[in-house]
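S.K.: I'd like to ask some things about the structure below.
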Amino acid sequence: MAVPVIMPRQGQSVESCIISEWSKQKGDKVEEGDVLCVYETDKASFELESPASGTLLETFFTADDDVPVLTNIAVIGEEGEAIDEFLPENANATEEPEQPAQPAEEKYEDTSAATEQPQKEQPEPAVSQESDTDEFTRISPRAKSYLQKIGLSQNDIKISGSGPQGRILEQDVINHIEQHGKPTPTAAQAAREEKSGMPAEGTGLGGQIRREDLGKTAAPAASTTPAQVLEEGADFTVKKLPNIRKIIAENMHKSLQNSAQLTHHLGADARKLLNLRKQVKAAQAEGTLQSNITLNDMICFAVIKALKKHPEANSHFLGDKIKIFNKVHLGLAVDTERGLMVPALQNADDFNLEGLSNQLKKIANDCKTGKIDPELLASTAASFTVSNLGAFGIEIFTPVINLPQSGILGVNTITHRPADLGDGTIGFVPHLGLSLTYDHRSLDGAPASRFLQAIKQEIENFEHSL
Amino acid sequence: MEDIFDLAIIGGGPAGYNSAERAAQNGLKAVVFETNRLGGVCLNEGCIPTKTMLHTAKLLDNARDANKYGLIIPEASFDYPAIYNRKNKVIDTLVNGVTMRLKKHQVTVVNQKANITGKSNGNINVEAGGKNYQARNLMIATGAAPFIPPIPGLQRKNILTSKEILDLQEAPESLVVIGGGYIGLEFGSFYRSLGTEVTVIETLDEITPGMDKEIAAHLRKDLIKRGITIHLQTKVVEMQGKKVIAEKNGERLEIEASEVLVSVGRRPNVEGFGLENLGVLVENGAIKTNDKLQTNIPNVFAAGDVNGKSLLAHTAYREGEVVVNQLAGCQDRMRYHAIPGVIYTNPEVASVGITEVQAQKSGMDYEVKKLPMAYSGRFIAENEGKQGHCKIIVNKKYNQIVGIHMIGGVCSEMIYGAAQMIESEFRLQDAEEVIFPHPTVSEVIKETIFAFKD
């Protein structure tokens, strides 16, 4: 039975996505989960996996086509199966005779026609054919269109993109222009006509790229954090901030300026957690457990349970009102090469411990590979956040709230403290430090402390059988 | 322990005083060393006094032409001591202005001779008046001085430079100007208006070397029309008292003059303040700098005439600002391709970008359009019987505007707009979108731009 491949909806505001390139061609055998194509929004690039195993019977759109979300873009099935019922209204099947390739120049000028009939547009040879061999030629249609607007073509801009396999996205071009300057009218025309690369920086007014700058040391294939050196002295280097750094800086500063946050510290007996962690390791060694359930997963699980009992902490403080969540959308601070990212795991309270463990790993991994849905990175996507610095041996810290959330839990390292072992003997027990920062506008000290106690109790009474 | 300054500046001229103020605006602690009055050559013995005097000369010229504009001024004449005093008054006003600005910004001004003594802990030590000053950065802005060529018989007491000529107490009967550059021509133009017999001697085949040839020729003809004698390709070989002996095409010329002005160029001041104690690199008599005005020592900068790049006050201002911007953490660099050049003679000349000769030499495929200033209604209204021109040079490859040259009218006041076009690499089609106010003389630029469509 043939199944359609549907263009997913990426966030509420996204109405259409552009197919960047097909990873599989019509007629290819595919397995469920194989990447069929790469598509993108204005913010990010995604891989579309095959919903079934079989043959890619038909593709209804070509690379560079702008496809409305929830439209069928391809069909998977057995060879010979009929595909007609899946035909979308506005697609062009790939059998359509190839149009003669137009020179790039003419195409740029005829943008009105291109918008009216996006499905007729032919993929740029440079993208579809050379993309496997030259990472610099991988560029998204949105990025290309942005370049056109400022009088450039993809050949002018030698940057490495943040999309899959270094594909250049619109945001990369915007960042590039911001960092390296916009070309002067003459430089833009010269770059286009002479196919000379954009330089690492412009030497003109306000960093404008001048004609004589063209072709001078193009920006190197940037690392994930392209930090442009602005000034180098004998004993210092001044670098431009990458965008993500600017955003973090702004958010953190705003949080401290615009809230009444303070931190309470409390320790929890971690014997049960450590015991379970031992069991997990043993079960994994035996092969009876798939999920590598970490201490952090267990702590998050405990936090979710505590949040369900203290909904006032599972909230957004909105100035004159408070939004209390019935579900727990757990934010997790993730350290990536590009900087701190805090993705939200939506409906985290729906998962059991293994499920939670798997889901947390997935969103953390998506952040590291740049595939995370940008909407999940918004501070409003999470109702509460956990930040764990225990691995660094941190014993106490004051995490900063992601406004408008009411709180964030900092998880510290495990130390040993003397404690009553229950029979009047004093011994050393492992002690997990918990630092709860809360917004005093939202919560008072006593309820915040009660919530922190609840987390402690969940941790100390952690019961789970593998 | 004494305070450490962020920036020490040796020289209180345009590079120095302007950067001190900019540094203070950026929260940097600055000290300026200047033995004379603040303002440098520009304010005290250059741009400002000459322009003050030239304005009087232009008013006088206009008064003599009054009948062309329907005015009756029976006898236009001048009062030299009054011109002289007014010049000094203008200088005083401006020097006081600079002094007040630096005071307001809490810049330390040391009215003592500065001597660089060396480095300690990476900081620069400057000694002045028996006191040591430490600074994290040093800007050398010591300027330049008139160059006196080695001519047999030439004695300092018999000649004037641009400095001494400002102290003349009366207009000389006759003046020989050795050197046909802008400084000599401006003085020549001024004294000619006052009735002095002026003779200009230039070794090259045209006056104002470096200016566009057509514009220079136009200026030369206008000056000759005004009664100035100009000898081109003429070399001064000897001086006997105030008698100038020169050779022109193998012929010997002897010119007796009441005063002789030597204006053959200026040399950077690189000696006498301890430059050698830091090992700052001097090349061809000027401090070598990069486009960030850094010398071979990273925290030592050289701005203004002393680096020999472009001996103009407005270049110095900008160079100083480039230095301060870097110290304040902003990326900046100096560009020399769009610096306007102005000659304040009557008529005025203003230009920016490359000349036609430079375009030819570079092998560029270029196109030139030249329109008379009469294309501007305002020019006709205000310049009875006079002529002017606007000449634009375009690199045909992308129709990029690479040079704009003007003579006539108030072109000194409108050249900055042309500089902006060249700085921003405007093509003709970009410049066509610029709106010029009407009626102004500047509209001739617009007309010349559209002339490329013919």
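S.K.: Under 13 Å Cα-Cα from B:LYS103, which aspartates and glutamates qualify once same-chain neighbours fewer than 8 residues away are excluded?
M.R.: Counting by Cα, and skipping residues close in sequence, B:LYS103 has these aspartates and glutamates nearby: B:GLU21.
S.K.: Okay, next question. For a distance above 16 Å, tell me the whole-number percent of Cα pairs in segment A:3-86 that qualify.
M.R.: In whole percent, the share of Cα-Cα pairs in segment A:3-86 beyond 16 Å is 46.
S.K.: Now for a different question. Cβ under 13 Å from B:GLU319's Cβ, B:GLU319 left aside: what net charge do those residues give with Lys, Arg +1 and Asp, Glu -1?
M.R.: +2
S.K.: Please give the helix B:47-64 orientation as an angle from the longest Cα principal axis of chain B, in degrees from 0 to 90, rounded to the nearest 10.
M.R.: For B:47-64 against chain B, the angle is about 20 degrees.
S.K.: Also, I was wondering about something else. Would you order B:ILE91, B:ILE343 from fewest to most other beta-carbon atoms within 10 Å of each residue's own beta-carbon?
M.R.: Values: B:ILE91 19, B:ILE343 24.
Going from least to most buried by this count: B:ILE91, B:ILE343.
S.K.: Same structure again: If you rank A:PHE351, B:PHE78 by fewest surrounding Cβ atoms within 10 Å, what's the result?
M.R.: Fewest to most other Cβ atoms nearby, the residues stand as B:PHE78, A:PHE351.
S.K.: Let me ask something else. Relative to the longest principal axis of chain B, what angle (0 to 90°, nearest 10) does the C-alpha long axis of helix B:213-225 take?
M.R.: 70 degrees
S.K.: Just tell me which lysines come within less than 16 Å, Cα to Cα, of B:LYS68; anything on the same chain fewer than 8 places away is out.
M.R.: B:LYS58, B:LYS386
S.K.: I would also like to ask the following. Between segment A:8-41 and segment B:8-86, how far is it from one alpha carbon centroid to the other, in angstrom?
M.R.: Answer, in whole Å: 71.
S.K.: So for segment A:293-378, if I pair up every lysine 8 or more residues apart or on another chain, how many of those pairs have alpha-carbons under 18 Å apart?
M.R.: Number of lysine pairs found: 7.
S.K.: Could you compute the net charge surrounding A:PRO447? Neighbours are other residues with a C-beta less than 14 Å from the C-beta of A:PRO447; K and R count +1, D and E count -1. Mind dumping the intermediate values first?
M.R.: Numbers: positive: A:LYS309, A:ARG441, A:ARG450; negative: A:GLU312, A:ASP439, A:ASP444.
So the environment of A:PRO447 carries a net charge of 0.
S.K.: Once the other residues with Cβ under 11 Å from the Cβ of A:VAL69 are scored (Lys, Arg +1; Asp, Glu -1), what is the net sum?
M.R.: -1
S.K.: So for A:CYS300, B:CYS411, B:CYS390, A:CYS37, fewest C-beta neighbours within 10 Å to most, what's the order?
M.R.: Going from sparsest to densest Cβ surroundings: A:CYS37, A:CYS300, B:CYS411, B:CYS390.
S.K.: If the convex hull of the alpha-carbon atoms of chain B is projected onto planes in all directions, what is the mean projected area in square nanometres?
M.R.: Value for chain B: 24.2 nm².
S.K.: Would you list which lysines come within 18 Å of B:LYS119, measuring only between C-alpha atoms, while excluding same-chain residues fewer than 8 positions from it?
M.R.: Those lysines meeting the cut-off are B:LYS131.
S.K.: Hey, another quick one. Hey, what number do you get for the protein assembly as shown at 222 nm if only DSSP H runs of n ≥ 4 count, each worth -39500 (n - 2.57), divided across all residues, to the nearest 500?
M.R.: Estimated from H runs of four or more residues: -9000 deg cm²/dmol.
S.K.: In the structure shown, do any of B:LYS288/B:LYS391; B:LYS29/B:LYS51; B:LYS29/B:LYS87; B:LYS288/B:LYS361; A:LYS149/B:LYS453; B:LYS243/B:LYS391 have a Cα-Cα gap over 30 Å, and if so which?
M.R.: Pairs exceeding 30 Å: B:LYS288/B:LYS391; B:LYS29/B:LYS51; B:LYS29/B:LYS87; B:LYS243/B:LYS391.
S.K.: Place the peptides B:176-185, B:17-26 in order of packing, highest mean first, counting for every residue the other Cβ atoms within 10 Å and averaging per peptide.
M.R.: Answer by packing, highest mean first, reads B:176-185, B:17-26.
Each reported figure results from applying straightforward, stated rules to the coordinates on display, with no laboratory input. Please read all numbers here as calculations on a predicted model, not as lab measurements. Because the Cβ atoms are built from the backbone with ideal geometry, glycine has one as well, and the counts that use them run over all protein chains shown.
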